[in-house]
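J.: Dumping the structure here so I can ask a few things about it.
Quick note: the coordinates plus some simple rules give every number you see, no bench work behind them. This one's a predicted model, so the numbers in the text were calculated from it and none came from an experiment. Methodologically, a virtual Cβ is constructed for each residue, glycine included, from the backbone with ideal geometry; neighbour enumeration extends over all protein chains shown.
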Amino acid sequence: MDEFGLIEEFFTRPARRAEVVLGIGDDAALLALAGATSTLAVTTDTLVEGVHFRPSAPSFDVGYKALAVNVSDLAAMGARPLAFLLSLAVPMADRTWLAGFRDGLFTLADAVGLDLIGGDTVRGPLAVTITALGSVAPGAALRRDGARPGDRVYVSGQLGEAALGFLLRAGRLSLPSRFHESVLTRLDRPWPRIHEGQALIGIASAAIDISDGLVADLGHILKASGVGAELDLRRLPLSEAYDAAFATVGYDPAIAFGDDYELCFTVPPERVQALAGIAPHPPCGFHYIGDIVAGAGLTLRDGQGVYTPAQAGYNHFDGPAPL
Ligand code: ADP
Ligand code: MG
């Protein structure tokens, strides 16, 4: 049983409330309160020491990333950040650790305009749960179920940077030293594409943030939309650092590792022109990597033919832990 099978078997139920516009299964749930002119987007994510971050990780990075992964889910819905709740389990009240954690947390909160409005604090094994709230115009949110055959598939930014950072830190990859800082920063302090998500409203037909790897996350769009896709791996946006590593690592870190926190989205042909009107901030570029097709499943092609990655993506109950 993988984590998605677990959720489906034990927790997925039909919504009872009319206010629940979208429940389990997307990057955030959508709630439309009676009389409200905006819809509320709600998402939550947990980081656990030893699973999502190493025990020696600087607390600044833990605070930053715990919020970043949630903001990334708001971005994937096209939502505007409003506020968040922080539930913190810590083994002890270590002032130095807490000060660093707070600084990382509020650095990102200030950058994207989020207020901390509550939470919970308990003693226990180190774990951080954040619930983030955003707003989006009624009916406007970017969902996973809107892709249609003929739509183009895009990704923002560059893929596989965090994977390289992880492999480098683990001593499993050698990379020219001039690339070390950039790939480690991409792993430790991802910048969620919050401006781009909002700008894609009315343009993208479906969107998701890439937390578990392109193959797995695009797979969620395909499943939710009832379509297939064909990608040309030679179109993947890879950095100079990735080019330097490519002979050793191939395509897999860019498509099957995760932690990219870029957006993957689909655009109907008639709206491709409008995409050119968006100026990403900071600049990251939108890259056309393939097409949505009728049917099901994802076909990857490289120069040689059909390509099969060694592993489809990160899954909590299937495969080794990422540390
Ligand atoms: P994401 O990677 O975008 O954060 P996840 O892969 O963590 O999304 O979760 C997939 C979907 O399942 C999301 O809609 C999430 O809210 C929902 N979900 C995850 N765990 C549970 C749970 N224990 N109970 C109910 N819904 C859950
Ligand atoms: Mg997500």
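J.: Can you give me the convex hull volume of the Cα atoms of the range 123-193, divided per residue and expressed in Å³?
T.: Given the Cα convex hull of the range 123-193, per-residue volume reads 199 Å³.
J.: Where Rh denotes the Kirkwood radius from the mean inverse Cα pair distance, what is Rg over Rh for the chain?
T.: Expressed as Rg/Rh, it is 0.95.
J.: In vacuo Debye scattering of the range 152-301, one point per C-alpha: log10 I(q)/I(0) at q = 0.10, 0.16, 0.18 Å⁻¹?
T.: Normalising to I(0) and taking log10 leaves -0.33, -0.84, -1.03.
J.: Further question: To one decimal place, what Kirkwood hydrodynamic radius in Å is obtained for the range 152-234 from all pairs of distinct Cα atoms?
T.: Here the Kirkwood hydrodynamic radius works out to 14.7 Å.
J.: Could you work out the relative contact order of the range 152-301? I mean the mean sequence separation of Cα pairs under 8 Å and 6+ apart, divided by the number of residues, in percent.
T.: The normalised contact order for the range 152-301 reaches 47 percent.
J.: Taking amide hydrogens as modeled 1.01 Å from N in the peptide plane, which residues meet the under 5 Å criterion relative to residue 293, leaving out close sequence neighbours?
T.: 150, 228, 229, 230
J.: In whole Hz, what ³J(HN,Hα) sequence does the range 90-101 give by Karplus (6.51, -1.76, 1.60; θ = phi - 60°), x for Gly and Pro?
T.: Along the range 90-101, the couplings run 10, x, 7, 8, 8, 4, 5, 4, 5, 5, x, 4 Hz.
J.: Another one. For the range 16-136, what is the percent of antiparallel DSSP beta bridges, rounded to the nearest 5?
T.: 75 percent
J.: What are the ³J(HN,Hα) values, in whole Hz, obtained from phi via the Karplus relation 6.51 cos²θ - 1.76 cosθ + 1.60 with θ = phi - 60°, for each residue of the range 270-275 in sequence order, with x given for Gly and Pro?
T.: Taking θ as phi minus 60°, the curve returns 6, 10, 4, 4, 4, 4 Hz for the range 270-275.
J.: Looking only at trypsin sites (Lys or Arg not before Pro) in DSSP loops with at most 16 other Cβ atoms within 10 Å, what is the longest site-free stretch of the chain?
T.: The longest uninterrupted stretch comes out as 18-171.
J.: Follow-up. HN-Hα J couplings of the range 173-185 from phi, Karplus 6.51/-1.76/1.60, θ = phi - 60°, integer Hz, Gly and Pro as x?
T.: So the Karplus estimates, Gly and Pro as x, are 8, 10, 9, x, 4, 5, 9, 4, 4, 5, 6, 6, 5 Hz.
J.: So, one more: If you restrict to DSSP beta bridges whose two residues both lie in the chain, what percentage is antiparallel, to the nearest 5?
T.: 75 percent
J.: Let me ask another. Rounded to whole Å and ordered largest first, report the semi-axes of the equivalent ellipsoid of the range 236-323 derived from its Cα gyration tensor (root of 5λ).
T.: 25, 18, 15
J.: Give the Kirkwood hydrodynamic radius (Å, one decimal) of the range 16-136, defined as one over the mean of 1/r across all pairs of different Cα atoms.
T.: 14.9 Å
J.: Mind listing the long-range amide H neighbours of residue 21? Cut-off is under 5 Å, sequence gap 5 or more, other chains count too, H placed in the peptide plane at 1.01 Å from N.
T.: Residues meeting the criterion, in which the H sits 1.01 Å from N, are 30, 31, 32.
J.: Considering amide H positions built from the backbone, and no H for Pro or chain starts, which residues 5 or more places from residue 82, or on another chain, come under 5 Å of its amide H?
T.: Under 5 Å from the amide H of residue 82 lie the amide H atoms of 133, 134, 135, each far enough along the sequence or on another chain.
J.: Cβ under 12 Å from residue 253's Cβ, residue 253 left aside: what net charge do those residues give with Lys, Arg +1 and Asp, Glu -1?
T.: With Lys, Arg at +1 and Asp, Glu at -1, the net is -2.
J.: Given the C-alpha centroids of the range 234-312 and the range 1-29, what is the distance between them in whole angstrom?
T.: So the two Cα centres are separated by 27 Å.
J.: Oh, and also: What is the distance in Å between the Cα centres of the range 87-133 and the range 34-86?
T.: After rounding, the separation between the Cα centres reads 11 Å.
J.: Related question: In Å and on Cα atoms, what radius of gyration and Dmax does the range 255-294 show?
T.: Both quantities, over Cα of the range 255-294: 12.1, 35 Å.
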